[in-house]
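See below for the structure under consideration.
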Amino acid sequence: MTKYVIHGGKPLYGEIDISGAKNAAVAIIPAALLVDGVCRIENLPQISDVTLLLNILQELGADVRTVNRTTVDVDCSHIRNARVPEELARKIRASYYLIGALLGRFGSAEVPPPGGCDFGGRPIDQHIKGFVAMGANVDVRGGYIHAKAANGRMTGTQIYLDIVSVGATMNIMLAAVLADGLTIIENAAKEPHIVDLANFLNSMGAEIMGAGTDVIKIRGVERLSGGTYSIIPDQIEAGTYMAAVAAAGGEVLVKNVIPKHLECITAKLLEMGVDVEERDDAVLVRRTGKLTRTNVKTLPYPGFPTDMQPQIAAVLCLAEGTSVITEGVWDNRYRYVDEFRRMGAQIQVDGKIAVIEGVEKFTGARIQACDLRAGAAMVIAGLAAQGTTEIGRIHHIERGYEDIVRKLSGIGADIRVVVTPDEDKQAQVG
Ligand code: EPU
């Protein structure tokens, strides 16, 4: 078993660089399927979700070349295959973007149902509603989602999303860029990564208007051609390190960010008594005094992001007074609470609401990451805790955080990766 061992209780000082956005990268890589020519994608985060998607493109027949640590050239011009290999696709949630991209490119797609973090049900009915409205037949058989445009090419139409869905908005955009005619998505999601995907596609010749508002219009074009695109910084990675400073104390310059994307997180930290100073492409986070309680409700952008909910909970556990979190996006995103309790947190959960009574400190414990952001929150708790925290199942964390151990060590954290072969055997048996 590989685990993180953290000796906590040390304030964090220095500078930290933020990588490219995971949730933009995992849509932009499949989007390369729509491009006739070489896409140079820059500022890619080095995380396992990115590696998996690049491997899937290669298995489909794409030419993928590494240019440097954060840049790849992807050429999908010669792909003829629209069936995604099962083993790789099941490991990742974002494999669903391959449905929209392959439908757009070939008018057909065969993709296994998506994997990813478990937050209760994760339906994709809104994605399918969009594809069907654009003229595709979609059914599930033999463990695969089969989608096929009835007349060989997707057809533009007007689609109203019943739920604001990041995935459905981006997937329908992917299916629409090469479609016949105009597609209009109403009640679209507005996250920064949606704008980033639109900017990527537009830079390759697509005609997408309104990304970042709740109505997106996509006029289908005949072809997209190659180009170079740099992915935006990761809002959630930045927010996670901001929360780490809030919990552990200290002063850190979080660099290579778009401060506007962080405003929803900054606002909450300010309410809790943390200093946050915006610079052009950085934020300075400082916490020296006590943390004060607040309430948080997660909502689609520009609301407070659900992907920061466990991390802000870790900070609120240390704030004076009673805080209330309302999870407004997922049914079951409190699976980390039992692990926090082992560290001394006082949290009661009822459905989508968590009530947190602030405690003086966390105490180190042996805990297990249960999903990506929950794992990141456990790291934050460990950094602030008195004593030693051991976190297992760290593969969840490495799906979405580039070099988290190196980055945190660079700002003074005492965190290291430990491999214990015996426990590895036990884990396989158990
Ligand atoms: N929903 C439906 N039907 C659908 C799609 C969504 O009912 O067809 C519901 C979901 O069950 C959920 C809500 O709508 O209650 C929002 O889901 P959304 O589709 O926006 O989520 P997603 O696209 O599956 C992405 C991110 C998640 C992030 C959410 C919300 C990726 C790969 N994943 O998921 O990120 O929590 O948007 O912002 O982009 C993470 O990075 O840790 C992560 C889980």
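Checked against (1) free of Cβ contacts under 8 Å to residues at least 12 places away in the same chain; (2) open to solvent by less than 60 Å² (accessible area, probe 1.4 Å), Ala211 passes all but a single condition, namely (1).
Within segment 167-174, identify whether any single residue is away from the ligand (no atom under 12 Å from the Cβ) and not assigned by TED's automatic domain parsing to the domain that holds Trp330, and answer yes or no.
To start, the set of residues in segment 167-174 that are away from the ligand (no atom under 12 Å from the Cβ) comprises 173-174.
Next, only the ones that are not assigned by TED's automatic domain parsing to the domain that holds Trp330 stay: 173-174.
Yes, some residue in segment 167-174 is away from the ligand (no atom under 12 Å from the Cβ) and not assigned by TED's automatic domain parsing to the domain that holds Trp330.
Considering segment 129-193, the qualifying strands (runs of 3 or more DSSP E), each wholly inside and each with 2 or more residues that are within 28 Å of Glu87 (Cβ to Cβ), run over 136-141, 144-149. For beta carbons closer than 6 Å, sequence separation of 6+ or different chains, a first residue in segment 125-136 that is assigned by TED's automatic domain parsing to the domain that holds Leu182 and a second that is surrounded by fewer than 20 Cβ atoms within 10 Å (Cβ to Cβ) and of a type in the set (S, T, N, Q), the qualifying pairs are Ala133/Thr157; Met134/Thr155; Met134/Thr157; Gly135/Thr155.
One residue stands out in segment 233-250 among those that are within 13 Å of the ligand (Cβ to nearest atom) and of a type outside the set (Gly, Ala, Ser): the one that is surrounded by the fewest Cβ atoms within 10 Å (Cβ to Cβ), namely Ile236. Could you tell me whether segment 286-299 includes any residue that is within 16 Å of the ligand (Cβ to nearest atom), open to solvent by 60 Å² or more (accessible area, probe 1.4 Å) and over 26 Å from Thr388 (Cα atoms)? Within segment 286-299, one or more residues are within 16 Å of the ligand (Cβ to nearest atom), open to solvent by 60 Å² or more (accessible area, probe 1.4 Å) and over 26 Å from Thr388 (Cα atoms). Inspect segment 102-115 for any residue being more than 12 Å from the ligand (Cβ to nearest atom), of a type in the set (A, V, I, L, M, F, W, C) and closer than 23 Å to Glu402 by Cβ and give the result as yes or no. Checked segment 102-115: no residue is more than 12 Å from the ligand (Cβ to nearest atom), of a type in the set (A, V, I, L, M, F, W, C) and closer than 23 Å to Glu402 by Cβ. Counting only strands (runs of 3 or more DSSP E) that sit wholly inside segment 19-90, not one has at least 3 residues that are crowded, with 16+ Cβ neighbours inside 10 Å and within 16 Å of the ligand (Cβ to nearest atom). Among the residues of segment 385-411, write down those that are open to solvent by less than 10 Å² (accessible area, probe 1.4 Å) and within 17 Å of Gly249 (Cβ to Cβ). Correct list: Ala385, Thr389, Leu408, Ile411.
Strands (runs of 3 or more DSSP E) wholly in segment 207-256 with at least 3 residues that are in the same structural domain as Ala176 (by TED's automatic domain parsing) - which ones?
Where strands (runs of 3 or more DSSP E) fall fully within segment 207-256 and carry at least 3 residues being in the same structural domain as Ala176 (by TED's automatic domain parsing), they are 207-209, 215-219, 224-230.
Among the conditions (1) without any contact (Cβ under 8 Å) to a residue 60 or more places away in the chain; (2) within 16 Å of the ligand (Cβ to nearest atom), the only one that Arg373 does not satisfy is (1). Are any residues in segment 145-166 open to solvent by 10 Å² or more (accessible area, probe 1.4 Å) and away from the ligand (no atom under 16 Å from the Cβ), and if so, which ones? If the condition is that a residue be open to solvent by 10 Å² or more (accessible area, probe 1.4 Å) and away from the ligand (no atom under 16 Å from the Cβ), then His146, Lys148, Ala150, Asn151, Gly152, Arg153, Thr155, Gly156, Thr157, Gln158 are the ones that fit.
Can you work out which of the residues in segment 338-364 that are in contact with a helix residue (DSSP H, G or I) (Cβ under 8 Å, 6 or more places away or on another chain) and of a type in the set (A, V, I, L, M, F, W, C) is most open to solvent (accessible area, probe 1.4 Å)? Don't jump to the end; show me each part of the working.
The first filter runs over segment 338-364 and keeps only residues in contact with a helix residue (DSSP H, G or I) (Cβ under 8 Å, 6 or more places away or on another chain), leaving 339-340, 343, 345, 347, 349, 354, 356, 358, 361-362, 364.
When the remaining residues are screened for being of a type in the set (A, V, I, L, M, F, W, C), the result is 340, 343, 345, 347, 349, 354, 356, 362.
Details: Phe340: 0, Met343: 0, Ala345: 9, Ile347: 5, Val349: 59, Ala354: 2, Ile356: 2, Phe362: 0 Å².
It comes out as Val349.
The values are calculated or read from the model by the stated rules, or taken from the named source; none is laboratory data. Model, not experiment: these values are computed from the prediction. So basically every Cβ, Gly included, is an ideal-geometry build from the backbone, and we count neighbours across all protein chains shown. We work out accessible area using only protein heavy atoms, side chains counted, and drop any ligands, DNA or RNA first. Shrake-Rupley method; radii C 1.70, N 1.55, O 1.52, S 1.80 Å.
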